[in-house]
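This report refers to the structure that appears directly beneath it.
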Amino acid sequence: MPELPEVETIRSDLALRFIGLRLEMLKILGERTIRRNKTNLEEVGPELLGRQLSDAKRYGKYLILELSGSQIGEISYLVVHLGMSGRFVLQLPEMPNGRDHTKMHVRFSEEDLYLWDPRTFGEVFLETGLDDLGRPMTLSKRLGIDPYLYPHNVAGALGEVAVRSSRAIKAVLLDQKVIAGLGNIYSDEVLFRSRVSPSFPVSALDKRGIERVAEAVVEVVNKAVVLRGSSLKDKSYMDLSGRPGSYQSEHLVYGRYSKACMVCGEDIDRVLIAGRYSSFCSICQQGADRWDYS
Ligand SMILES: [Zn+2]
């Protein structure tokens, strides 16, 4: 958390509010936040002042702020990953203990924007270019297909893994090198809708099975973007204006362990895969057996 739909919501909020404005301030307040390339941001950061925010892009769970200078081709990308609970806010929240979790403070044409990240799993770094798919160059090999940007390539990406791996399908969906942008929430929802058990080996899925999972990935992600993401009880995700998303009301398995399955009434079960608990229904998700091939 936040996953693709939440980051996409923040991207579109930032685009609406900040594109066309000029960068007046870039202040990094957390050493850990710039761990990927500290020197680069400290040295190049001041040169970015006066640049215009020409686009707000996203790939997987990464936000990519495009900063253009006055010269043709003078473009830098400020890349932000929100980690476990990072948020962009327009006004700093008031904390009862006075703690300030601001990790970055930027100002575009007198409008302030803060990266608020209590757990500091988020990060910020500078990139000089994006590859053909729109991935930050240094992450090209670490990010697979973005299902919102390239919905028609999801089945192909899963199919490639299926021929060389017998990993659990849940672990494959969480692997950013295969599908970029899914986390625990959306991969659980995808598998319930595909009727595949999270521990089912990806190699045991036939072509139609792969297609069913791929279709569910695209369907779940698109619907969640329309509903502006999922805000859980911990309120760690809110949009730029502090409003919650509403996809949480569509959750059929995530966060519903031991509650009754909404389809069959059986208690929702859970299993530990790739270090995360996956919620699933042992009746509704029985691998490929129950699929309707007609
Ligand atoms: Zn069920």
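The values are calculated or read from the model by the stated rules, or taken from the named source; none is laboratory data. These numbers were taken from a predicted model, which means no experiment stands behind them. Cβ placement follows ideal geometry from the backbone for every residue including glycine, while neighbour counts extend to all protein chains displayed. For the accessible areas, the whole protein counts, side chains as well, though only heavy atoms, and no ligand, DNA or RNA atoms are used. Shrake-Rupley method; radii C 1.70, N 1.55, O 1.52, S 1.80 Å.
Please report, as a whole percent, how much of the solvent-accessible surface of the chain comes from carbon and sulfur atoms (probe radius 1.4 Å). That share works out to 48 percent. Comparing Tyr257, Tyr59, Tyr247 in a Gaussian network model of the chain, where Cα atoms under 10 Å apart are tied by springs, the biggest mean-square fluctuation is seen for Tyr257. Ranking Glu111, Glu127, Glu43 from most to least accessible surface, computed with a 1.4 Å probe over the protein chains only, gives Glu43, Glu111, Glu127.
Ignoring lysines fewer than eight residues from Lys207 along the same chain, the ones with Cα atoms less than 25 angstrom from its Cα are Lys170, Lys177, Lys223. Just checking the listed ones, Met262, Met84, Met238: in the Gaussian network model of the chain with Cα springs under 10 Å, the one fluctuating most is Met262.
Note on the chain: Rg/Rh from Cα positions, Kirkwood definition for Rh, rounded to two decimals, is 1.00.
Amide H contacts for Ile273 (H built 1.01 Å from N in the peptide plane; partners 5 or more residues away or on another chain; cut-off under 5 Å): Ser278. Among Asp267, Asp55, Asp131, the largest mean-square fluctuation in a Gaussian network model of the chain (Cα springs under 10 Å) belongs to Asp131. Applying the Karplus relation 6.51 cos²θ - 1.76 cosθ + 1.60 with θ = phi - 60° to the stretch 79-85 yields 3J(HN,Hα) values of 9, 10, 10, 7, x, 7, 8 Hz, where x marks Gly and Pro.
Solvent-accessible surface of the stretch 4-142, averaged per residue with a 1.4 angstrom probe and all protein chains in place: 48 square angstrom.
Cross-link partners for Lys38 among the lysines, with Cα-Cα distance under 23 Å and sequence neighbours closer than 8 places in the same chain left out: Lys27, Lys57, Lys61, Lys103, Lys141. Taken along its three principal axes, the alpha carbon spread of the stretch 93-180 comes to 53, 31, 21 Å, from the longest extent down to the shortest.
For the chain, leaving out every one of the trypsin sites (Lys or Arg not before Pro) that falls in a DSSP loop and has at most 11 other Cβ atoms within 10 Å, the longest unbroken run is 120-232.
With Rh defined as the Kirkwood radius, the inverse of the mean 1/r over Cα pairs, the Rg/Rh of the stretch 4-142 is 0.94. Each Cα pair of the stretch 167-280 feeds into the Kirkwood radius, which the Stokes-Einstein equation turns, at 37 °C and 0.692 mPa s, into a diffusion coefficient of 225 µm²/s. Projected onto planes of every orientation and averaged, the convex hull of the alpha-carbon atoms in the stretch 111-246 covers 9.9 nm².
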